[in-house]
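Report on the structure given below.
None of the figures in this text is laboratory data; all of them are computed from the coordinates on show. Everything numeric in this text was worked out from a predicted model, so none of it was measured. Cβ placement follows ideal geometry from the backbone for every residue including glycine, while neighbour counts extend to all protein chains displayed.
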Amino acid sequence: MEAVVRAAQAEQWPARIAAVISNKADAGGLEFAHAHGIATAVVANQEFASRAEFDAALQQEIDRFAPDLVVLAGFMRILTPGFVAHYEGRLLNIHPSLLPLFPGLHTHQQALDAGETEHGATVHFVTAELDHGPVVAQAKVAVLPGDTEHTLAARVLVQEHQLYPRAIRLFIEDRLSIQDGLVSIAETTSH
């Protein structure tokens, strides 16, 4: 999230970050957002009896800000199909693997255990199927001899901080389209 905010400011995106919303009141991103003049909110999932009730409250909070795009950054909860459908085509996530390889958790260790020679990160549109939405962009890193989960994760994170802002900017510039589950990127903007 911090990389996205910094890129938006440094590159003077023709957009504004309307809010940063977390399910954890102690999330460091809330303090960062507040310090950068961005509205913040907390919708604590433990206050709700079900995932559906939490997602409904989260959706209501997000919709107060009327965003054109919802960006998941460090949000580690599975979203209900109804929530995902509400934001279809305008809900992005970044995942630390070269999807479709290694959806879910512990992706770096999975890549090491599988003997992969490259690993990376994927920005994708969110669908009801976990980590399987249409791919916007990927960044690759070599898996080096002696890599551990932590060293590999650190190199992937550097790429994530560059990849996610670039992918979001493509959306803002109206250069992304989805057809038959595939993302196309227009070469130039239609301004």
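Looking for something of a type in the set (S, T, Y), in contact (Cβ under 8 Å) with a residue 40 or more places away in the chain and either touching a helix residue (DSSP H, G or I) at 6+ places or on another chain (Cβ under 7 Å) or over 27 Å from G28 (Cα atoms) (or both) - is there at least one such residue anywhere in region 127-149?
Among the residues of region 127-149, at least one is of a type in the set (S, T, Y), in contact (Cβ under 8 Å) with a residue 40 or more places away in the chain and either touching a helix residue (DSSP H, G or I) at 6+ places or on another chain (Cβ under 7 Å) or over 27 Å from G28 (Cα atoms) (or both), which makes the answer yes.
Inside region 33-81, can you point out the residues that are in contact with an Asp or Glu (Cβ under 6 Å, 6 or more places away or on another chain) and of a type outside the set (A, V, I, L, M)?
T80
Is it true that A139 is part of a helix (DSSP H, G or I), among the aliphatic types (A, V, I, L, M), out of contact with any Pro (no Cβ under 8 Å at 6 or more places or on another chain) and over 19 Å from G181 (Cα atoms)?
no
Looking at region 109-131, which of its residues are part of a helix (DSSP H, G or I), more than 12 Å from L144 (Cα to Cα) and not acidic (D, E)?
Listed by number, the residues that qualify are Q109, Q110.
Restricting to helices (runs of 4 or more DSSP H) lying wholly in region 1-93: which have 3 or more residues that are surrounded by 13 or more Cβ atoms within 10 Å (Cβ to Cβ), without any contact (Cβ under 8 Å) to a residue 60 or more places away in the chain and among the charged types (D, E, K, R)?
51-64
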